[in-house]
Amino acid sequence: MAKQYHIRVYIPTEEIGLIMNDAVDAHVFRLNNSYDGMNGIIAIYDGYCNSKVLKLLISLGITYFPLDNYEDFIITCPNCGERINDDMILTIYDENLLSGYNILCNRKDCGTQMADVEFILD
């Protein structure tokens, strides 16, 4: 069985929403939870997909954040450029997370940010 990735997908436009809904309907993205977004984010989908689907989402420019298998990603702060630690990941679905932020970087007072994420597994 192919490795499954638990990811959070940010839906800022209706077009991205339609793509994600098609992925759910096609059973290639198994929706775990969905949340109403805030401040420019329409919704957030948490779900599971394999690496092939993840690569497709990345190629479409869809913003995501990994929720497991961190060893397959490079996650950095967009301000200071340093890799983030597990304790910097936002896990509570509050206004920050629902607005598209996913890390709180304490280095160099960067604050709440949307991390840069690179999928490194081929």
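Each reported figure results from applying straightforward, stated rules to the coordinates on display, with no laboratory input. Predicted model only: the values in this text are computed from it and were never measured. Positions of Cβ are backbone-derived with ideal geometry, glycine not excepted, and every protein chain shown enters the neighbour counts.
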Q | Under-5 Å amide H pairs with Ser99, H placed in peptide plane, nonlocal only | A | Met38
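Using the Cα centre of segment 56-122 as the reference point, and only Cβ charges (+1 on K/R, -1 on D/E), how large is the resulting charge dipole? Debye, rounded to the nearest 20.
Numbers: 3 positive and 12 negative charges, 48 e Å.
Charge dipole of segment 56-122: 240 debye, to the nearest 20.
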Q) About its Cα centre, what dipole magnitude does the chain give when the only charges are +1 on Lys and Arg Cβ and -1 on Asp and Glu Cβ, stated in debye to the nearest 20? A) 220 debye
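Between Val24 and Asn69, what is the FRET efficiency for a Förster distance of 25 Å, r being their Cβ-Cβ separation, to the nearest 0.05? Numbers along the way, then the final one.
Values: r = 21 Å, r/R0 = 0.82.
It comes out at approximately 0.75.
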Q) For mean projected area of the Cα convex hull in nm², which listed value, [x] 8.0; [y] 9.1; [z] 7.4, comes from the coordinates shown? A) [z]
Q | 12 Å Cα-Cα reach of Lys108 towards aspartates and glutamates, excluding residues that sit fewer than 8 places from it in its own chain | A | Glu82
Q: Can you tell me the 0 to 90 degree angle between the C-alpha axis of helix 14-25 and the longest principal axis of the chain, rounded to 10?
A: 60 degrees
